[in-house]
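Asker: The structure's right below; bear with me while I get my questions together.
The values are calculated or read from the model by the stated rules, or taken from the named source; none is laboratory data. Quantities reported herein were computed from a predicted structural model and do not represent experimental measurements. Because the Cβ atoms are built from the backbone with ideal geometry, glycine has one as well, and the counts that use them run over all protein chains shown.
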Amino acid sequence: MKKSILIVLCITVSFLANAQSNSKLYTYKQFGNKYVISIQNHAEITKAITAFVEEQDIKAGTIVGMGAVNEATLRFFDPATKEFVDKTFSEQMEITNLTGNISQKDGKHYVHMHVTLGRNDYTALAGHFLTAKINGAGEFVIESFDGAVDRYHDEDTGLNLYKF
Ligand code: FE
């Protein structure tokens with residue numbers, strides 16, 4: 001009897017442990033208003049950063065990052081046509097720098113990121129960052145500001161600009 005209870009307990013504990021590790025896209029350590037974040041291997045960066053920003057309820061801040069990815073989608077904005085062109089690169093690349101900011105739009109957390117990616121021939125790709133999958137390490141630092149920054153959609157430029 002005791003043995004069967006122990007088995008059920010072990011299965012429950014292992015299920016809960018797995019559920020927790022599957023739902024975690026990152027681990028982090030806090031230093032005052034700064035967070036050092038490790039994004040899990042094979043996780044998507046924008047999904048992980050947005051989940052973190054929502055979890056910590058950061059309404060204004062900055063993001064810096066480095067790491068390695070094996071797929072990335074960048075976006076180019078043409079101010080003349082106000083059209084966005086997205087392009088996906090499926091190859092191993094180094095994030096030599098990811099720079100971003102955190103704000104709010106329509107009451108929701110808004111993450112804006114740009115990236116420079118190093119290819120295996122040591123040339124670089126760069127642009128507005130949409131998504132990328134970690135393949136190796138994903139090391140980020142987020143600084144949270146005390147307060148909020150808002151955005152609005154500007155018809156003139158076709159962009160979501162800061163509203164002060
Ligand atoms: Fe941008």
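Asker: Within the range 79-94, take every residue that is assigned to a strand (DSSP E or B) and out of contact with any Phe, Trp or Tyr (no Cβ under 9 Å at 6 or more places or on another chain) and give me the one that is nearest to Glu155 (Cα to Cα).
Answerer: Just the residues of the range 79-94 that are assigned to a strand (DSSP E or B), to begin with: 83-89, 93-94.
From what's left, out of contact with any Phe, Trp or Tyr (no Cβ under 9 Å at 6 or more places or on another chain): 88-89, 93-94.
On the way: Thr88: 27, Phe89: 30, Met93: 35, Glu94: 36 Å.
Ranking the qualifying residues of the range 79-94, first place goes to Thr88.
Asker: In the list Asp78, Asp106, Asp86, Asp121, which residue meets the criterion of being without any contact (Cβ under 8 Å) to a residue 40 or more places away in the chain, of a type outside the set (Val, Ile, Thr) and within 14 Å of the ligand (Cβ to nearest atom)?
Answerer: Asp78
Asker: Quick check on the range 49-63. Is at least one of its residues part of a helix (DSSP H, G or I) and within 16 Å of the ligand (Cβ to nearest atom)? So that I can check it myself, show each step before the final result.
Answerer: Filtering the range 49-63 down to residues part of a helix (DSSP H, G or I) leaves 49-56.
Remaining after also requiring within 16 Å of the ligand (Cβ to nearest atom): 49-50.
Yes: the range 49-63 contains one or more residues that are part of a helix (DSSP H, G or I) and within 16 Å of the ligand (Cβ to nearest atom).
Asker: Report yes if some residue within the range 137-159 is acidic (Asp, Glu) and within 16 Å of the ligand (Cβ to nearest atom); otherwise report no. Full working, then the answer.
Answerer: Initially, the range 137-159 is screened for residues acidic (Asp, Glu), giving 139, 143, 146, 150, 154-156.
Now restrict to residues that are within 16 Å of the ligand (Cβ to nearest atom): 154.
Taking every residue of the range 137-159 in turn, at least one turns out to be acidic (Asp, Glu) and within 16 Å of the ligand (Cβ to nearest atom).
Asker: For Ala72, state whether it is without any contact (Cβ under 8 Å) to a residue 60 or more places away in the chain and away from the ligand (no atom under 13 Å from the Cβ).
Answerer: Details: without any contact (Cβ under 8 Å) to a residue 60 or more places away in the chain: no; away from the ligand (no atom under 13 Å from the Cβ): yes.
When the stated conditions are applied, Ala72 does not pass them.
Asker: Return yes when Leu98 is more than 13 Å from the chain's Cα centre (by Cα), modelled with pLDDT of 95 or more and within 16 Å of the ligand (Cβ to nearest atom) and no when it is not. Talk me through it step by step, then tell me what you get.
Answerer: Details: more than 13 Å from the chain's Cα centre (by Cα): no; modelled with pLDDT of 95 or more: yes; within 16 Å of the ligand (Cβ to nearest atom): yes.
In short, no.
Asker: Let me ask something else about it. Which count do you get for residues in the range 77-104 that are closer than 27 Å to Lys59 by Cα and crowded, with 16+ Cβ neighbours inside 10 Å?
Answerer: Result for the range 77-104: 7.
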